[in-house]
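Data first, discussion second: the structure below is written as structure tokens.
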Amino acid sequence: MMIKSHQTEIDIYSISIISSSENFVVQNTENTTIGSIDLWLNYSLNTLIVEDGEGTLNYDWNVITNTSNLVKVYFRNSLDENDTASFTLNCNLDYSLKLLEDIPSYYSFEFYSTISHLTQNYRMTIKLPERSFIHEFEDTTHSFHPNNATQVLIQNRIEISWNHENLIQSSNPLFIVRFDEPIIPEDEIGFFDSKFAMFLAGILVGIFLGISGISWLIRHREKKAMKKMGATLLTENQRSLIRIVFERKGKVSQKELCDITGYSKSKISRNLVPLEEKGLIRRDKFGRTYVVYLTDDGIAVIE
């Protein structure tokens, strides 16, 4: 039996949660039919699920010593000579990461990968916890072993990978990663909880109140001016017409004004024109007559 491809991914999700995923592509190199394969797995194996593309596979798990586990995986279909099969082993690791007292402190993760058969291609990937970084030493100690690793940053997590070819049975390479404590971000203060936001809100409220106050003052003075206009600049007839429109809820036709006052059409028109020019009323054509509307300024004149 030969392993064409073996990929191990160690996920150090946190200091206390570490999982492993082992992907295998195996080939029967014997001239007899084979229905299973024996695999030696790391001693820290805790739980185990074996599956292929169609679902869960059967397996036997035997703890041989306190440093090794033997797992026999049964293929979904027996392999004839040169046939291949692929499957995945997912497990949690019973591994205790301890903080090493140094300046600064760091964690050291060490893992022996088990090579049960001749393996053509092997890849190991170790994912560090979120917001963790490779520990840098000032002396000759290396941050990881072997030293020919590649590093990538994916969504705040560093992934370290090694590639090996033609590993012989029981070579069992050792992989080490030394990394700093994960950075724990300070509790984010919501924008509306921050002092700056409160300061800004105070400024905005002050501006709003200031604008509102100024607007009220301007409008108050305009109303006083309108009242003065009604008392001094308008004729008695004009004030009477504005009062009539106001009493008719701000809308009346010129014909109704003639009927109410007894004035002629020409007299009504002569008095409405200056009111319209001053912005106190608005006239809209309606059939053969006009409809007179009282504006806000017109209301201010008589209030």
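Each value in this text was obtained by applying a stated rule to the coordinates, not by laboratory testing. Small disclaimer: the values here were computed from a predicted structure and weren't measured. Because the Cβ atoms are built from the backbone with ideal geometry, glycine has one as well, and the counts that use them run over all protein chains shown.
Label the stretch 2-180 by shape, choosing from rounded, prolate and oblate, from the square roots a ≥ b ≥ c of the eigenvalues of the Cα gyration tensor; if a/c is under 1.5 it is rounded, and otherwise prolate applies when a/b is larger than b/c, oblate when it is not.
The shape class here is prolate.
I need Cys258, Cys91 ordered by Cβ neighbour count within 10 Å, fewest first.
By the 10 Å Cβ count, ascending: Cys258, Cys91.
When Lys127, Lys278 are ordered from fewest to most other Cβ atoms inside 10 Å of their Cβ, what list results?
If I rank by nearby Cβ atoms, fewest first, I get Lys278, Lys127.
What is the stretch 2-180's relative contact order, in percent, from Cα pairs under 8 angstrom and six or more apart in sequence?
RCO, the stretch 2-180: 27 percent.
Can you compute the label reach from Ser14? Point 7 Å from Cα along the Cβ direction, backbone N cut-off under 17 Å, restricted to the stretch 97-131.
97-99, 128-131
Going by a ≥ b ≥ c, the root eigenvalues of the Cα gyration tensor, does the stretch 19-69 fall in the rounded group (a/c under 1.5), the prolate group (a/b larger than b/c) or the oblate group?
Cα axes put the stretch 19-69 in the oblate bin.
Working out 0.36 nm times the residue gap between Ser86 and Lys98, then minus their Cα-Cα distance, what length gain in nm do you get to one decimal?
Full extension of this stretch gives 0.8 nm more.
About its Cα centre, what dipole magnitude does the stretch 232-303 give when the only charges are +1 on Lys and Arg Cβ and -1 on Asp and Glu Cβ, stated in debye to the nearest 20?
340 debye
Give, in nm to one decimal, the length gained when the segment between Leu174 and Lys265 is fully stretched (0.36 nm per residue of separation minus the Cα-Cα distance).
Difference between extended and current length: 21.8 nm.
How high is the FRET efficiency from Asn237 to Arg288, r the C-beta distance, R0 25 Å, rounded to 0.05?
Step by step, r from the Cβ atoms, then E = 0.60.
Work out, step by step, the length gained on full extension between Glu54 and Asn163: first 0.36 nm times the residue separation, then minus their alpha carbon distance; give nm to one decimal.
Length gained, Glu54 through Asn163: 36.4 nm.
Under 13 Å from the Cβ of Gln27, count the other residues' Cβ atoms, weight Lys and Arg +1, Asp and Glu -1, and hand me the total.
Value of the local net charge: -3.
Sum up the charges of everything whose Cβ sits under 14 Å from the Cβ of His142, counting Lys and Arg as +1 and Asp and Glu as -1, but leave His142 out.
Every neighbour counted, the sum reads -3.
As an exercise, identify the GluC sites (Glu not before Pro) in the stretch 52-128 lying in DSSP coil whose Cβ has no more than 14 other Cβ atoms within 10 Å.
Passing sites in the stretch 52-128 are Glu54, Glu81, Glu101.
Based on Cβ point charges of +1 for Lys and Arg and -1 for Asp and Glu, what charge dipole magnitude is obtained for the stretch 1-135 about its Cα centre, in debye rounded to the nearest 20?
Dipole of the stretch 1-135, to the nearest 20 debye: 260 debye.
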